[in-house]
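Okay, structure first, notes after.
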Amino acid sequence: MGMYEDDGVMVGARGRSLWQEEPARRRRMPDPVRDSAVRAVLIVAVALTQATVTFFLTLTGSWLALPMALGAIAGTVVATWGVLDVLITRQMWNQRYGVVSEPSSTARGRRRERRRARQEARAQARRQPGGGTGRIPRSGGAPAGAGPAAWPPPGADRRYRAS
């Protein structure tokens with residue numbers, strides 16, 4: 001190994017190591033997105049090369065200019081599809097796997113305030129005379145789990161009274 005050891009520090013010398021790990025600035029792209037991005041870069045590179053060759057063939061007046069121009073047009077369409085494929089794959093990945101449910105600090109504070117207000121209202125309702133839960137007591141005829149009816153019974157409306 002010469003004058004360096006396995007860890008990259010010079011033998012007998014003080015100082016920096018040769019290899020320093022730096023944290024990544026951005027997270028790595030997911031595999032499907034990276035695959036489509038590589039594919040798009042290759043397709044765009046071929047399309048640009050084809051367009052350049054077509055331009056020079058047109059300048060020289062070669063008979064190959066027309067077939068290459070048609071190929072360059074087709075390459076442009078395919079390159080556009082490749083770039084759209086990257087955007088669609090990225091969006092699909094974010095919708096499936098990339099959603100992180102973290103409320104912002106503002107939302108978290110508002111939620112705390114609402115929670116405190118509800119707790120204070122409950123505590124105040126308990127302190128009131130005769131109010132245990134602060135709810136309106138149910139009548140004796142209705143079952144415990146039954147709420148108010150969505151529609152009034154047919155006899156309650158004057159239009160449908162039996163004459």
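What ³J(HN,Hα) values, in whole Hz, does the Karplus curve 6.51 cos²θ - 1.76 cosθ + 1.60 give for the stretch 65-70 when θ = phi - 60°, with x put for Gly and Pro?
5, 5, x, 5, 5, 5
Can you compute the FRET efficiency between Gln119 and Leu87 using 1/(1 + (r/R0)^6), with r the Cβ-Cβ distance and R0 = 30 Å? Round to the nearest 0.05. Mind showing how you got there, number by number?
Working: r = 46 Å, r/R0 = 1.55.
Once rounded, the FRET efficiency stands at 0.05.
Mind checking the full-extension length gain between Thr58 and Trp19? Use 0.36 nm per residue of separation minus the Cα-Cα distance, one decimal, nm.
8.9 nm
Which distance in nm do the two modelled labels at Ala45 and Gln128 give, with both placed 7 Å along the Cα-to-Cβ direction?
According to this spin-label approximation, the distance is 7.4 nm.
Quick one: which residues, 5 or more positions from Leu64 or on another chain, have an amide H under 5 Å from its amide H? H modelled 1.01 Å from N in the peptide plane, none for Pro or chain starts.
Counting only residues 5 or more places away or on other chains, the set is empty.
The numbers here are math on the coordinates, done by the rules we state, and not lab data. Model, not experiment: these values are computed from the prediction. No Cβ is skipped: glycine too gets one built from the backbone with ideal geometry, and neighbour counts run over all protein chains shown.
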